[in-house]
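**Student:** I am attaching a structure below and will ask some questions about it afterwards.
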Amino acid sequence: MSLDFDEIQQEEAFRDSIATVNADGKRVWVFPKKPKGKWLNRRKIISFFLLFVLISSPFIKIDGVPFIQFDLINRKFILFFQVFWPQDLYLFALALVIGIIFVVFFTIIFGRIFCGWFCPQTIFMEMVFRKIEYWIEGDWTYQKKLDSQPWNREKIFKKSLKHLIFLAVSFFISNIFLAYIIGSSELFKILSEPISQHIWGFLGIIIFSLTFYGVFAFLREQVCTSICPYGRLQGVLMDENTMVVAYDYERGENRAKFKKNEDRDEKGYGDCIDCYQCVHVCPTGIDIRNGTQLECVNCTACIDACDTIMTGIGKETGLIRFVSENGIKERKKFEWTRRVKSYTFLLISLIVVLAIMLFTRDDIQVSIFRQRGTTMNITADFKISNTYELNLINKTNKNYWITLKTDSKDCTIRMAFKKIFLGKEKQLRERFIVEMPINTQFNGHKTIEIKVLGNGEELNTIKTKFIGPIF
């Protein structure tokens, strides 16, 4: 029994540390082999589409409103051309909760697929920076050779060229990132006007550029394996029914090198020929055959590599594939478990609630309150007057001329100006007075309706109390 326990400990020893750190705690640099295959082609389609969305979103505008912007300075957020102000924080919070649940939901079903297919860090690393590296330094064997050789003319030229291009791409990404915060118009001002007028803007670009350069040139997979909290979280969310990129040990074991015309079944060998191609292509440096691991981002590079080998030796593909632990042990297909159904119902419900809130949201937020600390006044012509405060928030990209109107009998509205100008994406406060004849039946107060008109169209009707005498 003790021996079995020791064997299990030895087999699981690889989990005691991440693949990119050796026993001395030093960084093990990963040189992944250039991947190719149908799964990579699918990732390219998704990645290039997402790159287009990421790069173009701050610059795509309708009536001056960008597709996406997170203006922290002015406390304004724009999603899908919809402007959200601090008053809409509950909507933004709900959308954020939906986003988190959406990621959790996909993690329960497909493991860490978000990291390998949709995360900006992975997309820029694998589809931009890694491709630049392959173009300049060659495939993995050439990169390892270049890295180990002394600093000669070839190494200095290739390393310098690579890092200069990395810096240029990082500068470009930092400008895009800044456009999400301050807007494309402000970004163009920073780039076109003298530096002295935009010191802080240029400082921000430099800081972001160096940050992105450090991440993609040096940190790389360490972001996914050590820094990003989502990688740690996935272990809590996944179970034996989660679909992940996994090695079918029931079919692959026992491993043995491939020999032509050898009957592997007769000798008790599995389909894995121990070629290590799945290890060579892994961008985080793990051996997928050890089982589900923290570092695996479900990038599917190992699936393409293994399928190529299986095809070459005349075996069925899918030794490494998307499959659950139960799918390997019990040959079960994916099941909609109670847990998955619960998250599905919760996610759909929240999306419906958010959609209803968005469609019923007022573009012009109107509120009318009696001015604090005031009571009724009696005018010289024997009328009762109350002072009110009008609060308006314009969430649109249109200008409005605001007027007030009431259908209440014998009720008169007095304003400093007949029309109030409410600019696009602006907020204003105005006071106005409502008067009613002193002989009106009040009984202490009376409910009146005030219509708020914008450019002649009714925006909202507010009911408020008018304080009067008690007869």
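**Student:** Given a 1.4 angstrom probe, I'd like the percentage of the accessible area of the chain that is carbon and sulfur, rounded to a whole number. Spell out each step's value before the answer.
**Tutor:** Details: 16260 of 26850 Å².
The nonpolar share, carbon plus sulfur, comes to 61 percent.
**Student:** Under 20 °C and 1.002 mPa s, how fast does region 145-258 diffuse according to Stokes-Einstein, given a Kirkwood radius computed over C-alpha pairs? Answer in µm²/s, whole number. Don't skip to the answer; put the middle values down first.
**Tutor:** Values: Rh = 18.7 Å.
In µm²/s, the coefficient is 115.
**Student:** With every protein chain kept in place and ligands, DNA and RNA left out, what is the accessible area per residue of region 295-350? Probe 1.4 Å, answer in Å². Display every interim value, and only then the final one.
**Tutor:** On the way: 2980 Å² over 56 residues.
Result: 53 Å² per residue.
**Student:** Give me the percent relative contact order of region 199-282, please, defined on Cα pairs under 8 angstrom at least 6 residues apart. Each step should come with its number before you reach the end.
**Tutor:** On the way: 35 pairs, mean separation 15.4, N = 84.
It comes to 18 percent, rounded to a whole number.
**Student:** Taking the dipole about the Cα centre of region 228-343, with the C-beta of Lys and Arg at +1 and of Asp and Glu at -1, give me whichever of 323, 279, 233 is farthest to the positive side.
**Tutor:** Going by the charge dipole, the pick is 233.
**Student:** Rounding to the nearest 10 and keeping the result within 0 to 90°, find how far the Cα-based axis of helix 199-214 lies from the longest principal axis of the chain.
**Tutor:** 30 degrees
**Student:** With every protein chain left in place, what is the accessible area per residue of region 363-426 in square angstrom, probe 1.4 Å?
**Tutor:** Numbers: 3930 Å² over 64 residues.
For region 363-426, the per-residue accessible area is 61 Å².
**Student:** In a solvent-free Debye calculation with one equal scatterer on each Cα, what is log10 I(q)/I(0) for region 417-461 at q = 0.22, 0.27, 0.33 Å⁻¹, listed in the order of the q values?
**Tutor:** -0.96, -1.19, -1.39
**Student:** With +1 on the Cβ of every Lys and Arg and -1 on the Cβ of every Asp and Glu, and nothing else charged, how large is the dipole of the chain about its Cα centre, in debye rounded to the nearest 20? Let's see the in-between values first.
**Tutor:** Values: 62 positive and 50 negative charges, 313 e Å.
Charge dipole of the chain: 1500 debye, to the nearest 20.
**Student:** For Cα pairs less than 8 Å apart in space and 6+ apart in sequence, what is the mean separation divided by the residue count of region 18-164, i.e. the relative contact order in percent? Display every interim value, and only then the final one.
**Tutor:** Working: 97 pairs, mean separation 27.9, N = 147.
For region 18-164, the relative contact order is 19 percent.
**Student:** A further question follows. Return the FRET efficiency for the residue pair residue 410, residue 197: r is the Cβ-Cβ distance, R0 is 56 Å, and the value is rounded to the nearest 0.05. Don't skip to the answer; put the middle values down first.
**Tutor:** Details: r = 58 Å, r/R0 = 1.03.
The pair residue 410/residue 197 has a calculated efficiency of 0.45.
**Student:** Rounded to the nearest 10 degrees, what's the angle between the helix 89-110 long axis and the longest principal axis of the chain, both from Cα atoms, 0 to 90?
**Tutor:** Helix 89-110 and the main axis of the chain meet at about 20 degrees.
**Student:** For region 55-65, take each phi angle, set θ = phi - 60°, evaluate the Karplus expression 6.51 cos²θ - 1.76 cosθ + 1.60, and give the result in whole Hz per residue in order, putting x for glycine and proline.
**Tutor:** 6, 8, 3, x, 9, 7, 10, 10, 6, x, 9
**Student:** Place +1 on the Cβ of every Lys and Arg and -1 on the Cβ of every Asp and Glu in the chain, take the dipole about the Cα centre, and give the residue among 199, 301, 56 whose Cα lies farthest towards its positive end.
**Tutor:** 199
**Student:** Based solely on its DSSP helices, what 222 nm [θ] is calculated for the chain when runs of n ≥ 4 H residues each add -39,500 (n - 2.57) and the sum is averaged over all residues, nearest 500 deg cm²/dmol?
**Tutor:** On the way: 16 runs with 190 residues, N = 471.
When only DSSP H runs of four or more count, the value is -12500 deg cm²/dmol.
**Student:** Next up: Given contacts defined as C-alpha pairs under 8 Å and at least six residues apart, what's the relative contact order of the chain, whole-number percent?
**Tutor:** Numbers: 675 pairs, mean separation 66.2, N = 471.
So the answer I get is 14 percent.
**Student:** Taking the Cα centre of region 57-168 as origin and charging only Cβ (+1 Lys, Arg; -1 Asp, Glu), how large is the dipole, in debye to the nearest 20? Please report the intermediate quantities before stating the final value.
**Tutor:** Values: 13 positive and 9 negative charges, 93 e Å.
Magnitude of the dipole: close to 440 debye.
The values are calculated or read from the model by the stated rules, or taken from the named source; none is laboratory data. Just so it is clear, the structure is predicted and the values come from calculations on it, not from any experiment. Here the Cβ is made from the backbone with ideal geometry for all residues, glycine too, and neighbour counts use every protein chain on show. The area values use the complete protein model at the heavy-atom level, side chains included, leaving out ligands, DNA and RNA. Shrake-Rupley method; radii C 1.70, N 1.55, O 1.52, S 1.80 Å.
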